[in-house]
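Scroll down for the structure; my scribbles are underneath it.
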Amino acid sequence: MFAIIQAAGWPIWPLVACSVLALAVVIERFLSLTTNKVVPPRLTDEAISMSRSAVPSAEAVQQLEQSSLLGLVLARGFRALTRNPRLSEQDLRAALEGAGREAAHELDRYMAALATVASAAPLLGLLGTVIGMIEIFSSQGSETGAIAGANPAQLAQGISIALYNTAFGLIVAIPSLVFWRYFRARVDGYLLKMELASDRFARHLNTLRSP
C-alpha cells in the first residue's frame, strides 16, 4: 500500500488525509446515531407515565435530559412548565421546538465534513491526474518533442501519478457519498420520530398547565 502511495506522488497525500477524516466521521456517526442515544423506544411513554398528575422532580428531569436527544427535548418541556405553570400552549410548543432544533444540530454534526470529502475527493484526484499529465509532457525530449523520445522513467512516473490519483479519488469519494446518504436518511428518520413524540408530549403537558 505504501508503495502505491509513493508511486502516486505527493498529490495523493491530501486524498489520504480525506480518507482518514471520512473514516473517523463514519465511525463517530455509527457510534452516535444509535436508537438508544437518539430516540429510545417507549421513552415518551415513560415520560408521560411519570408525570400523570404533576411535573416530576428536578432529579428525574435531569436524568431524562441526559438519557438521549429525545430526552433532552422532553426535559425542556418539563423545565419550561416548571418555570411557568401557566405557560401558554404556544409557548410550550415553542420551547419544545427550540430543543428540537438543538437536537437536529447535534444529529447533523460532522455531516458537512463527510459531504465535503465526497465532493472534494474526485477533484483532488483530478488534480493529481493533471499533475501526472504535466509530468508526462515534461518528460518529452526537448529536441524532438515526441513521446518516443521521452525519458521512460519520468513517463512511467507521470502515468502512475495520473492513474493512481484518479482511482484513489474515486475510492475515497464513492464510500463517503454512500455513507453520507445513509446517515442523512437515518437522521431524517430520527427527526420525524422526535417531531411526532414532541407533538404528543406537548398535548400531554398542556393538561398539566395551571388554569
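Read the figures in this text as sums done on the coordinates, not as results from a lab. As the structure is a prediction and not an experimental result, all values here were calculated from the model. Cβ: placed from backbone, ideal geometry, glycine included. Neighbour counts: every protein chain shown.
The trypsin sites (Lys or Arg not before Pro) of segment 55-89 that meet both conditions, a loop assignment by DSSP and at most 13 other Cβ atoms within 10 Å of the site Cβ, are ARG86.
The residues packed around GLN66, meaning those with a beta-carbon under 12 Å from its beta-carbon, carry a net charge of -1 if Lys and Arg are +1 and Asp and Glu are -1. Shown in residue order for segment 31-48 are the 3J(HN,Hα) couplings computed by the Karplus curve 6.51 cos²θ - 1.76 cosθ + 1.60 at θ = phi - 60°: 6, 8, 8, 9, 4, 5, 8, 10, 10, x, x, 6, 5, 5, 4, 5, 5, 5 Hz (x for Gly and Pro). Counting charges near LEU33 (Lys, Arg +1; Asp, Glu -1) among other residues having Cβ under 15 Å from its Cβ returns a value of +3. The phi torsions of segment 193-199, fed into the Karplus equation with coefficients 6.51, -1.76 and 1.60 and a -60° offset, translate into couplings of 4, 5, 5, 5, 5, 5, 5 Hz, rounded to whole numbers, with Gly and Pro shown as x.
Taking the Cα centre of the chain as the origin, how large is its charge dipole in debye, to the nearest 20, when only Lys and Arg (+1) and Asp and Glu (-1) carry charge on their Cβ atoms?
Value, rounded to 20: 860 debye.
Result for the chain in a Gaussian network model with C-alpha springs under 10 Å: among GLU106, GLU195, GLU46, the largest mean-square fluctuation is at GLU46. Note that segment 65-81 has calculated 3J(HN,Hα) couplings of 4, 8, 6, 5, 5, 5, x, 4, 5, 5, 5, 4, x, 4, 5, 5, 6 Hz, one per residue in order, obtained from phi through the Karplus relation 6.51 cos²θ - 1.76 cosθ + 1.60 (θ = phi - 60°); glycine and proline are x. Taking PHE168, PHE183, PHE30 in turn, the Gaussian network model of the chain (Cα-Cα springs below 10 Å) assigns the largest fluctuation to PHE30.
Of all the options ALA120, ALA104, ALA58, the one that moves most in a Gaussian network model of the chain with Cα springs shorter than 10 angstrom is ALA58. Farthest towards the positive end of the charge dipole of segment 1-140, among the residues ASN36, ALA58, ALA112, is the Cα of ALA58, using unit charges on the Cβ of Lys, Arg, Asp and Glu. Computed over the alpha carbons of the chain, Rg followed by Dmax gives 27.4, 96 Å.
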